[in-house]
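Note sheet for the following structure.
The values are calculated or read from the model by the stated rules, or taken from the named source; none is laboratory data. Predicted model, so just to flag it, every value in this text is computed and none were measured. Every residue, glycine as well, gets a Cβ built from its backbone with ideal geometry; the counts of neighbours run over all protein chains shown. Ligands, DNA and RNA are excluded from the accessible area calculation, which covers all protein heavy atoms including side chains. Shrake-Rupley method; radii C 1.70, N 1.55, O 1.52, S 1.80 Å.
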Amino acid sequence: MLTFGALDEADAPAVQALLESNPGYTERVSGRPPAPGDGLEVLLDSPPDLKPGQKHCVGARLDGTLVAVADVLQSWPNEQTAHIGLLLVHGDHEGQGIGRALHDHVLSLVRDWEGVDTLRLGIVETNAAGAEPFWSKLGYRPTGRVVPFIEGPVETTVAVWSRPLA
Ligand SMILES: CC(C)(COP(=O)(O)OP(=O)(O)OC[C@H]1O[C@@H](n2cnc3c(N)ncnc32)[C@H](O)[C@@H]1OP(=O)(O)O)[C@@H](O)C(=O)NCCC(=O)NCCS
């Protein structure tokens, strides 16, 4: 059975295992395989202007094992927006509806955030082939904003997509 809940620093080894189960994502956006510490970084990393309590990490567990993670920034980059930083599903469990189910859980959280009516995320061009069809199915559309993205040897762009909460 799939269950959902908040994640914290104690879940870093499980998030690390998730990243390692689906290494293509890290390779496409960073130009290298997952490295020790990446799991903790997913849980802790945030933009410099984020205030404590604005970052929320959630996970989906299948019979107790973490099979998906998402992180969401509340009221960032503005009051009416929730920004999804990452949504990643275990490599052995893609295509089983888990990504959509975790996103449904994110929607249920965001509905409780006063003043937030928009969801937003960035799609890194080198990861777009798999990410665009998924986010498109979930109702996201390109905003037209495209900005440079540099991570290690990867020099590309990130396209901002959004959808209404309702
Ligand atoms: C993208 C990702 C999160 C999708 O998770 P998933 O559990 O495999 O997706 P789901 O099974 O819930 O699919 C939801 C819908 O998207 C569609 N979809 C998902 N990936 C797709 C793809 N690569 N091509 C076409 N459609 C796709 C599914 O067909 C499904 O459609 P439906 O609900 O109408 O049947 C997963 O592949 C992943 O972790 N990728 C690596 C990390 C990543 O790129 N994350 C996004 C960027 S932050």
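Accessible-area rank, largest first, for VAL147, VAL160: VAL147, VAL160, with all protein chains present and a 1.4 angstrom probe.
Cα centroids of the range 41-60 and the range 67-137: 13 Å apart. Only protein heavy atoms count here; on that basis, with a 1.4 Å probe, TRP113 has an accessible area of about 30 Å².
Karplus-based coupling profile of the range 20-31, in residue order and whole Hz: 6, 6, 9, x, x, 4, 4, 5, 6, 9, 10, x, with θ = phi - 60° in 6.51 cos²θ - 1.76 cosθ + 1.60 and x standing for Gly or Pro. Note on GLU27 and GLU151: the model spin-label points, each 7 Å out from Cα along the C-beta direction, lie 1.5 nm apart.
Each 10 Å bin, from zero up to the one with the longest distance, holds this percent of the alpha carbon pairs of the range 76-150: 16, 50, 30, 5. Summing +1 for each Lys or Arg and -1 for each Asp or Glu among the other residues whose beta-carbon sits under 13 angstrom from that of SER162 gives +3. In this structure the amide hydrogen of LEU50, modeled in the peptide plane, comes within under 5 Å of no amide hydrogen from residues 5 or more places off or on another chain. Taken over the alpha carbons of the range 32-126 as equal point scatterers, the Debye sum produces base-10 log I(q)/I(0) values at 0.18, 0.19, 0.24, 0.25 Å⁻¹ of -0.90, -0.99, -1.38, -1.43.
Secondary-structure-derived ellipticity at 222 nm for the chain, considering helices only, amounts to -8500 deg cm²/dmol, per-run term -39500 (n - 2.57) for DSSP H runs with n ≥ 4.
The residues of the range 2-117 expose, per residue, 49 Å² of accessible area to a 1.4 Å probe. Secondary structure note: in the chain, about 90% of the DSSP beta bridges are antiparallel.
With a 1.4 Å probe rolled over the protein heavy atoms of all chains, the accessible area of THR26, THR126 falls in the order THR126, THR26, largest first.
Apolar share of the accessible surface for the chain: 52 percent from carbon plus sulfur atoms, 1.4 Å probe. May I ask for the net charge around HIS90, where only other residues with Cβ less than 11 Å from the Cβ of HIS90 are counted and Lys, Arg are +1 while Asp, Glu are -1? My count for the surroundings of HIS90 gives -2. Per residue, the convex hull spanned by the Cα atoms of the range 119-166 amounts to 62 cubic angstrom. When HIS103, HIS83, HIS56 are compared by accessible area of protein heavy atoms, the largest-first order is HIS56, HIS83, HIS103, using a 1.4 Å probe.
Less than 5 angstrom separates the built amide H of GLY85 from those of ASP71, VAL72, LEU73, all sequence-distant by 5 or more or on a different chain. Would you mind classifying the chain by shape? Square roots of the alpha carbon gyration tensor eigenvalues, ordered a ≥ b ≥ c; an a/c under 1.5 is rounded, otherwise it is prolate if a/b is larger than b/c and oblate if not. The shape class here is rounded.
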